[in-house]
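Input: a single structure, listed below in structure tokens.
The values are calculated or read from the model by the stated rules, or taken from the named source; none is laboratory data. In this text the structure is predicted, and so the values were computed from the model without any measurement. So basically every Cβ, Gly included, is an ideal-geometry build from the backbone, and we count neighbours across all protein chains shown.
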Amino acid sequence: MASGAGRWEVVKKGKKQNISSSSGGTPQEKKSVRSDTNTDSSYVMSETIFNSFEKMEQKEQVPPPAETQQKKPSAGRQARKPPASSRPPRYKTLEEALRALDVQELKQQLEKSQSLFPENPCVWVKDLAGYLNHKLPAPDTEPTLSSYAHDYPYCLAGKELRAVIKALLARCSDALPEFFDHCVFTMLREQDLQAGECLHGYRMCIQALVQVKPQIVSLKLPDHLELLRSHQNRPVKCLTIMWALGQAGFYDLSQGLRVWLGIMLPVLGMKALSAYAITYLERLLTLHANLTKGFGVMGPKEFFPLLDFAYMPKNALSQSLQEQLCQLYPRLKVLAFGAKPESTLHTYFPSFLSRATPNCPDAMKKELLRSLTECLTVDGQSLSVWRQLYTKHLSQSSLLLSHLLQSWSTLPPKLQKNLQDTIQSFRVTNDELQSSTNTQHISDCSSLCHSLQQKMQGRGYPWWRVLMMSLVFVAGFIAHDVRSQGSFADSTTALYLERSGVTAVSQQAWSKVSHCGQQGVSWLLENTPYYYSRALEAAGPLLEDTRGRITQKSSELLLWLQENLPLLIEWVRANTPESVFEFMEYVKQLLLFVQEHIIVPALQYLKTELQHAWKSLQESCDGEVSLHCLQNHLRSFTNSTWVYLQDATSAAKSRAQELLSCFSWCLLALCGSLMTTAAG
């Protein structure tokens, strides 16, 4: 491998044993190093490559004298330890180290590596990582870098350095999986050998790699989980592994979810690791506001442990972490249900139902009942699943039936209709169970099913049907009255209208309307041709000119849209920030809030008031609403309105008379004073 001093060193097979023996660590640390060495398959390959490099050098070199060959082992040991002057100075910050980095020297080292190993791209990328880590000796804080941006430290790299890294990774695409494992295992090995050793070079290579191919991290998730569990007593190492694997999620939501579900969820109960796991999940879901890119990754097997962690009290999470997970739960629920919840929610129904026991916590019970109702509403297959599980989950079914009964008025009409057959089958099952074993749960379910069926039979008052029937009844009554009396003028209806004054008012209004209509029609017949011809003379040329211009502009605009619309769509897709999707999600939540807390309660209130009004009408009619009662109410309402109008008119008339008399008296007084003044 190319060293930082600009020359190559021959790597011996016994180097690992020398390092482990000279590290000076405890026996547990040495054992950990040996386990890392056995687990790291990439290092076996790199050792073979370096052995071939050693053979190449031995063929090219001139055989040294015997004394030199005898002293070669000690010289090799000294070559592995570069002098203090060859190591770069330790910088206070990573920014200073990057400013001091010589990119041209890096290019020369990579060119030398490519010339010596033209068919081994794995050596090129490993030399890149080793060179960067050697040339960036800056303080390394904690292993997760939670106080920095998600792309730190790679975000500090300049354009030239990024171009060199990306170009090399593009040439070494087949070696990238092995290179990722190399960086992870080297970071773990460095933490064993020297406590506090900086790892910025390997971190930058990992971040650059997952930007190019984020799917690399999910190729060996079971192996990485086993590696994580082998270091469960070393939290720093575990956090380093979690950080390295989690970097892909910031560029691909689906890969981030796979890493979180496959690596971080199994260790969520570990106190030293759970805080970073929850923090990473929050940062991941905040960074990706558009959750559609993560559909299809999470299923019932992964979702329900999250539900238990979020709502079950006294679990492995602290209260603050549990509250933080509860805030993330709605978005996790959307990811779990996927793009087509109407065909997948029935697979979640059994687990929701089994958890909805009467003794579960209130918050969890509320969420379970809400989710069960959503399953029944969205996916019709959930009803058949419920019928199959009914006898085995009587207490849970009783709780769900009670919830449906209490929220019946807010349930969608589709669900109310679909529940009819299910409730009927439950009643049949309850009768069969009561004949054999009668328990409290069976009795509760039976009474709840009976109450729900009563709700289904009385679904609200059919106002439109009543209105149509009333109109038909009135029309039939008038037709029968006219037919029995021989003519409309002799009918009881006409007599009633005449007595009430409606006939006179109607005739007067009709005469005025007909007179005005005749005048308007005559005016139009007389003046329409004249004004039409004048309008054509004045506006004809202008309209023709406008029509030609509009046609020309439309054709030009259509041609421009055909040329530029695809480019515009591509630019919008590429440059639309995630905040736009977040804003759309906020608007959606606002509309749902308005519907749930304003529109639905208002409609419910209006419905309740109308029901109270109808009950009051029934009570005023002695429990039966008849035509005679309605006539009495209409007559009383008309009489009271007429009396009110008469009283208001007389009051206004008397007030006007008082004002007129007062004005006349003041006018007479003024005239008298003027005459007195003139006489004097």
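Worth a mention:
- Matching residues, segment 271-291, being over 13 Å from residue 332 (Cα atoms), surrounded by 17 or more Cβ atoms within 10 Å (Cβ to Cβ) and hydrophobic (A, V, I, L, M, F, W, C): 273, 275, 277
- Of the numbered criteria (1) within 30 Å of residue 604 (Cβ to Cβ); (2) at pLDDT 90 or above; (3) touching a helix residue (DSSP H, G or I) at 6+ places or on another chain (Cβ under 9 Å); (4) not aliphatic (A, V, I, L, M), the one residue 429 fails is (1).
- Within segment 463-503, tally of residues that are in a loop (DSSP other than H, G, I, E, B) and of a type in the set (A, V, I, L, M): 1
- Within segment 314-337, the only residue that satisfies the criterion of being of a type in the set (Gly, Ala, Ser), surrounded by 13 or more Cβ atoms within 10 Å (Cβ to Cβ) and in a helix (DSSP H, G or I) is 336.
- The listed residue being at pLDDT below 90 and not aliphatic (A, V, I, L, M), out of 92, 159, 126: 92
- Summed over segment 117-160, the residues that are crowded, with 16+ Cβ neighbours inside 10 Å and in a helix (DSSP H, G or I) give a count of 17.
- Conditions (1) surrounded by 15 or more Cβ atoms within 10 Å (Cβ to Cβ); (2) closer than 29 Å to residue 242 by Cα; (3) of a type outside the set (D, E, K, R); number of the one not met by residue 110: (2)
- Some residue of segment 231-238 being over 25 Å from residue 288 (Cα atoms) and β-branched (Val, Ile, Thr): yes
- Qualifying residue in segment 203-211 (condition: among the β-branched types (Val, Ile, Thr), within 32 Å of the chain's Cα centre (by Cα) and within 17 Å of residue 251 (Cα to Cα)): yes
- Flag set for residue 383, criterion: closer than 12 Å to residue 349 by Cα and under 28 Å from the mean Cα position of the chain (by Cα).
- Flag if residue 221 is modelled with pLDDT of 90 or more, closer than 14 Å to residue 243 by Cα and surrounded by fewer than 21 Cβ atoms within 10 Å (Cβ to Cβ): yes
- Hits in segment 411-437 (condition: of a type in the set (S, T, N, Q) and surrounded by 12 or more Cβ atoms within 10 Å (Cβ to Cβ)): 416, 418, 420, 422, 424, 425, 429, 430, 434
- If the condition is being exposed (fewer than 11 other Cβ atoms within 10 Å of the Cβ), modelled with pLDDT under 85 and either not in a helix (DSSP H, G or I) or not small (Gly, Ala, Ser) (or both), then segment 569-611 contributes 569, 570, 572, 573, 575, 577.
- Qualifying residue in segment 288-300 (condition: at pLDDT 95 or above, aromatic (Phe, Trp, Tyr) and either touching a Pro at 6+ places or on another chain (Cβ under 9 Å) or on the phi < 0 side of the Ramachandran plot (or both)): no
- For the criterion of being out of contact with any Asp or Glu (no Cβ under 9 Å at 6 or more places or on another chain), over 26 Å from residue 474 (Cβ atoms) and of a type in the set (Asp, Glu), residue 526 passes.
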